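Chemist: Submitted below is the structure of interest, expressed as structure tokens.
The values are calculated or read from the model by the stated rules, or taken from the named source; none is laboratory data. Here the structure is a predicted model, which is why all the values come from computation and not from measurement. Surface areas here come from the heavy atoms of the whole protein model, side chains and all, with no ligands, DNA or RNA. Shrake-Rupley method; radii C 1.70, N 1.55, O 1.52, S 1.80 Å.
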Amino acid sequence: MRVKKIEFWAADGLNLLRILDIDEKEKSFYIVNQSGKKTWPLKYQKLEEIHRRLHDGKLSLHPYEIDKLVPTWGNYITGLLKYFGCDKT
């Protein structure tokens, strides 16, 4: 696994995060924060599901609500969606 030069801010605006390069076959990725802590893997499909639910009005963009769907990922997902151009952020 190699670290990509892809960095973005978490939803709290305080943590700069880095996406790790993951094998495409796995269809998931990890994030590393400034202190070097690595998250659990997040499946692309789960991020797409959350994005779709946001745009369908079935979910608000609050980290604590997203955290119910994917524990420990709340602030990271909102940052990821903003990084990928989601207009709901």
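Chemist: Working from Cα positions, state the angle (0 to 90°, nearest 10) between the long axis of helix 74-83 and the longest principal axis of the chain.
Modeler: On a 0 to 90 degree scale, this one is about 90.
Chemist: Per the 1.4 Å probe, what fraction of the accessible area of the chain, in percent, lies on carbon and sulfur atoms? Can you show the working numbers first?
Modeler: Numbers: 2950 of 5890 Å².
On the chain, the fraction of accessible area on carbon and sulfur atoms equals 50 percent.
Chemist: Also, quick follow-up: Return the inverse of the average 1/r over all pairs of distinct C-alpha atoms in the chain, which is the Kirkwood hydrodynamic radius, in Å to one decimal.
Modeler: Numbers: mean 1/r = 0.0760 Å⁻¹.
Evaluated on the chain, it is 13.2 Å.
Chemist: In square angstrom, what is the accessible area per residue of the stretch 41-88 with a 1.4 angstrom probe?
Modeler: Values: 2950 Å² over 48 residues.
Roughly 61 Å² per residue, with all protein chains present.
Chemist: Right, here's the next one. What angle, in degrees between 0 and 90 and rounded to the nearest 10, separates the Cα long axis of helix 44-55 from the longest principal axis of the Cα atoms of the chain?
Modeler: 30 degrees
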